[in-house]
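Take a look at the structure set out below.
The values are calculated or read from the model by the stated rules, or taken from the named source; none is laboratory data. Quantities reported herein were computed from a predicted structural model and do not represent experimental measurements. For neighbour counting, all protein chains shown are included, and Cβ atoms are generated from backbone atoms with ideal geometry for every residue, glycine included. All accessible areas refer to the heavy atoms of the entire protein, side chains included, with ligands and DNA or RNA removed. Shrake-Rupley method; radii C 1.70, N 1.55, O 1.52, S 1.80 Å.
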Amino acid sequence: MIRQFSRDTLHERHRLSHQQIDRLLNENSGKKYLPEKLEQLNKIGYLIELADLLNQKNIWWLVLKGPLLSERIYGDPTIRLWKDFDLLTKPEHVTSFVSVLIDQGFKHEKVDWPESEKRREMVLHFGKNLEMFHPQKGISIEVHWKLFDDRLTTSKKMWEIIENNTESTIFSGKSIQRLSLEFELLYLIIHGSIHAWFRLKWLTDIRDLYEKQTIDAGKFLSITKKLNASRFVCIYNYVLNVFFPSAKLLPINQSRSCKKLGKYALREIRNEVVKPKHNFTETLRAIRYRMSLSPKLRYKLDVLRLITFGKPDLKFSWIPDHPVFFYLFRPFGLIIRKFYTPH
C-alpha cells in the first residue's frame, strides 16, 4: 500500500526523509538526501550547546522525538526529518527555560511567556507548549510542560508516569534525558492517533522502532492501561495493517473494535491537503473522532474545552486573567484576529 504514494508525496506531504523512502521503496536516491543530513547536523550542534546551558541552570528537561528518536531507531540522528526540537520541562521550570532561550537570541512565536504570574498560570492551564524561534540560526524550539493537550489522566499521575519512565542516554558525548523505550513508543502512538495519523512519517517511526528494539510487553501494557490508551494502540494497529500488512502489531489489552476510527484515520492519510479547511459536517466528524479516542469523561470534556478556547487569545493582555473570560471571548477572538494584530 505504501507504493501508492510517489516519492515527492512521501517526502513533501508525509515528511519522510529520502533515506527512509529508499528503505520503504527499495530504491537508492544517491546523494539526494545529503543536504537534509547536513541541516540536521547543524541543528544537533546547537542542541549540545543548549544542553550545557540548561544543566548549568539546574533545569529539568528531556528531549521528545527529534534526533534522539532517529538515533534510537536507526543508530543515526539524521535519518528521520524533524523541523524543530521538542523539549519537555516541568511547569515550575518554564520561566527559567524561556529566560535561557531569550538570552540566546530566541523570539516568541504565537504566544509570549507573560510577565504576570496570573497570566502565566493561564498559559500553563490552557496550553502545553511555547514556540520559540531563533531568526539567525533558523532553529525552532517548542518548550513543553505537558505531553498532550487533553488529559489522559490527572496531571499528578502523568508526572509520576513520566518520572518513572525517564532514562539518560549518551548523545554526542552528552548525557541527555529521554522517555523510556516503552513510554516513548506509547507517546508516539497517542500523538499519531490524536492527529488521525495524517502523516505516514509517524506510522513509519513506530513500525521501525518496534521492529528494531525489543520492548517489555508487560511494561508497555501497564503504561497503556494507566493512561486509558488502548484505543489509541488499536487505531495504530488498524492503520499499520493497511499500509504495512506484514509488520508486527503491538500488544493491546482490549478486544473492542476500532474499525470506524481507523477508517477515519485512513481518510486523513489519503487526503492530499494537510489540515484542509473543514466544513461544518467535517468539523463535527473531526470532533467526534477526537472525543472517541478515550472512554474517560475528563478527556472528552478537555476536547470540548480546547474547541471553546483559542490559545491565540492569550495575546490580548486586556482580557482579565480568568478562564471564563477567555471562553466568553472565543467567538469575538476569531473575528478580531482577522483584522487586528495585538502588540
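Here is how the numbers come out for the structure above:
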item	result
Selection from region 96-111 of residues that are open to solvent by 10 Å² or more (accessible area, probe 1.4 Å) and over 20 Å from ILE59 (Cα atoms)	GLU109, LYS110
Single condition TYR264 does not satisfy, out of (1) under 21 Å from ILE21 (Cα atoms); (2) at pLDDT 95 or above	(1)
Helices (runs of 4 or more DSSP H) lying entirely in region 211-319 (those with 1 or more residues that are under 20 Å from the mean Cα position of the chain (by Cα) and under 25 Å from GLU12 (Cβ atoms))	230-243, 259-270, 280-291
Criterion (open to solvent by 10 Å² or more (accessible area, probe 1.4 Å), at pLDDT 95 or above and more than 17 Å from MET132 (Cβ to Cβ)) met by exactly one of GLU71, GLU36	GLU71
Qualifying residues in region 227-250 (those that are without any contact (Cβ under 8 Å) to a residue 24 or more places away in the chain and either hydroxyl-bearing (Ser, Thr, Tyr) or in contact with a helix residue (DSSP H, G or I) (Cβ under 7 Å, 6 or more places away or on another chain) (or both)) - the one surrounded by the most Cβ atoms within 10 Å (Cβ to Cβ)	LEU249
Test set (1) within 26 Å of SER70 (Cβ to Cβ); (2) loosely packed, with under 15 Cβ neighbours inside 10 Å - ASN253 fails condition number	(1)
The listed residue being of a type in the set (Ser, Thr, Tyr), farther than 24 Å from LEU304 by Cβ, in contact (Cβ under 8 Å) with a residue 40 or more places away in the chain and in contact with an Asp or Glu (Cβ under 9 Å, 6 or more places away or on another chain), out of SER180, SER140, SER222	SER140
Which listed residue is modelled with pLDDT of 95 or more, among the charged types (D, E, K, R), open to solvent by 60 Å² or more (accessible area, probe 1.4 Å) and closer than 21 Å to GLY66 by Cβ, from GLU163, GLU142	GLU163
Count - residues of region 195-220 that are buried (at least 19 other Cβ atoms within 10 Å of the Cβ) and among the aliphatic types (A, V, I, L, M)	4
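Yes/no per residue for (1) in contact with a Pro (Cβ under 8 Å, 6 or more places away or on another chain); (2) open to solvent by 90 Å² or more (accessible area, probe 1.4 Å); (3) within 30 Å of GLU272 (Cβ to Cβ):
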| site | (1), (2), (3) |
| --- | --- |
| ILE2 | no, no, yes |
| LEU10 | no, no, yes |
| ARG23 | no, yes, yes |
| LEU47 | yes, no, no |
| GLY75 | no, no, no |
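So that you can scan it fast, the table gives a plain yes or no per residue for (1) free of Cβ contacts under 8 Å to residues at least 40 places away in the same chain; (2) open to solvent by 30 Å² or more (accessible area, probe 1.4 Å); (3) within 17 Å of ARG207 (Cα to Cα):
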position	(1), (2), (3)
LYS157	no, yes, no
PHE171	no, no, no
TYR187	no, no, yes
ILE190	no, no, yes
